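Asker: Structure incoming, see below.
The values are calculated or read from the model by the stated rules, or taken from the named source; none is laboratory data. Quick caveat: nothing in here was measured; it's all calculated off a predicted structure. In this analysis, Cβ positions are derived from the backbone assuming ideal geometry, glycine residues included, and neighbour counts consider all displayed protein chains. Note: accessible area is taken over every heavy atom of the protein model, side chains too, but ligands, DNA and RNA are not part of it. Shrake-Rupley method; radii C 1.70, N 1.55, O 1.52, S 1.80 Å.
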Amino acid sequence: MNGYNREEVQAILAKYGDMIYRAAYIQLKNRDHADDIYQEVCIRLLKQKKRMKSEEHLKAWLLRTTINCCKDLWKSAWWQKVDFTEHDPDKDCTNNAEETTGLITECVHRLPEKYRIIIHLYYYEEYSLKEIAQILKIKENTAGTRLARGRNKLKIMLENKEAEKYEF
């Protein structure tokens, strides 16, 4: 059978849409850009010529495609020339990001991309290190090292945030 029809794509997006959006948002830290990546992944799924072998293969393909779309956006000339510090709509929504996203999510967003995506896949999507290594096309030991380093950086950030609360 060839690819997926619109109804099948809608069913897939109903099931995995939140996962796609979260993966894009955790990397880009911006709702509008995450929406754009979500749409791009949908288009690529519609253009997909052949079906995935299993649900797990489909889920991994969706995550890999999301990550690749984010990387493509970062490499684009537009991304490199636009200054995002002037106006960030996500920061306009609230004065305190901790109120809406929570302290841990805020700290995860501040991690470097290579740690952020590993933590997202491991904790939010519940992939094993072996599966993460396959999705990211890295060695399993590299995935484990990045997870450990990401955890350490996150721990330090959380300890510093906690200490800030009690400063007089």
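Asker: How about region 127-161: which of its residues are of a type in the set (A, V, I, L, M) and either touching a Lys or Arg at 6+ places or on another chain (Cβ under 7 Å) or free of Cβ contacts under 8 Å to residues at least 40 places away in the same chain (or both)?
Answerer: Those that are of a type in the set (A, V, I, L, M) and either touching a Lys or Arg at 6+ places or on another chain (Cβ under 7 Å) or free of Cβ contacts under 8 Å to residues at least 40 places away in the same chain (or both): L129, I132, A133, I135, I138, A143, L147, A148, I156, M157.
Asker: Separate question: Within region 113-126, can you find the residues that are without any contact (Cβ under 8 Å) to a residue 40 or more places away in the chain and either in contact with a His (Cβ under 6 Å, 6 or more places away or on another chain) or open to solvent by 60 Å² or more (accessible area, probe 1.4 Å) (or both)? Break it down stepwise before answering.
Answerer: Pass one, region 113-126, residues without any contact (Cβ under 8 Å) to a residue 40 or more places away in the chain: 114-115, 118-119, 122-123, 126.
Within region 113-126, K114, Y122, Y123, E126 qualify.
Asker: Exactly one of (1) acidic (D, E); (2) part of a helix (DSSP H, G or I); (3) under 15 Å from A60 (Cα atoms) is unmet by E126. Its number?
Answerer: Failing condition for E126: (2).
Asker: Continuing with the same structure: Do we have any residue at all in region 96-105 that's modelled with pLDDT of 75 or more, touching a helix residue (DSSP H, G or I) at 6+ places or on another chain (Cβ under 9 Å), open to solvent by 20 Å² or more (accessible area, probe 1.4 Å) and not β-branched (V, I, T)?
Answerer: Filtering region 96-105 down to residues modelled with pLDDT of 75 or more leaves 103-105.
Okay, now just the ones that are also touching a helix residue (DSSP H, G or I) at 6+ places or on another chain (Cβ under 9 Å), so 103-105.
If we keep only those that are open to solvent by 20 Å² or more (accessible area, probe 1.4 Å) as well, we get 103-105.
Checking the rest, the ones that are also not β-branched (V, I, T) come to 103.
Checked region 96-105: at least one residue is modelled with pLDDT of 75 or more, touching a helix residue (DSSP H, G or I) at 6+ places or on another chain (Cβ under 9 Å), open to solvent by 20 Å² or more (accessible area, probe 1.4 Å) and not β-branched (V, I, T).
Asker: Filtering region 132-154 down to residues that are charged (D, E, K, R) and modelled with pLDDT of 90 or more, which residue is most open to solvent (accessible area, probe 1.4 Å)?
Answerer: Result: K139.
Asker: Here are L13, L28: which of them is at pLDDT below 90 and of a type in the set (A, V, I, L, M)? Show your work before the answer.
Answerer: On the way: L13 fails: at pLDDT below 90.
One residue alone meets the criteria, L28.
Let's see how each residue does on (1) within 19 Å of G3 (Cα to Cα); (2) modelled with pLDDT under 90; (3) in contact with a strand residue (DSSP E or B) (Cβ under 8 Å, 6 or more places away or on another chain):
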residue: D36; (1), (2), (3): no, no, no
residue: K50; (1), (2), (3): yes, yes, yes
residue: L58; (1), (2), (3): yes, no, no
residue: L63; (1), (2), (3): yes, no, no
residue: T66; (1), (2), (3): yes, no, no
residue: W74; (1), (2), (3): no, yes, no
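Asker: Output the residues belonging to region 14-37 that are in a helix (DSSP H, G or I), over 19 Å from Y123 (Cβ atoms), open to solvent by less than 80 Å² (accessible area, probe 1.4 Å) and in contact (Cβ under 8 Å) with a residue 24 or more places away in the chain.
Answerer: H33, I37, listed by residue number.
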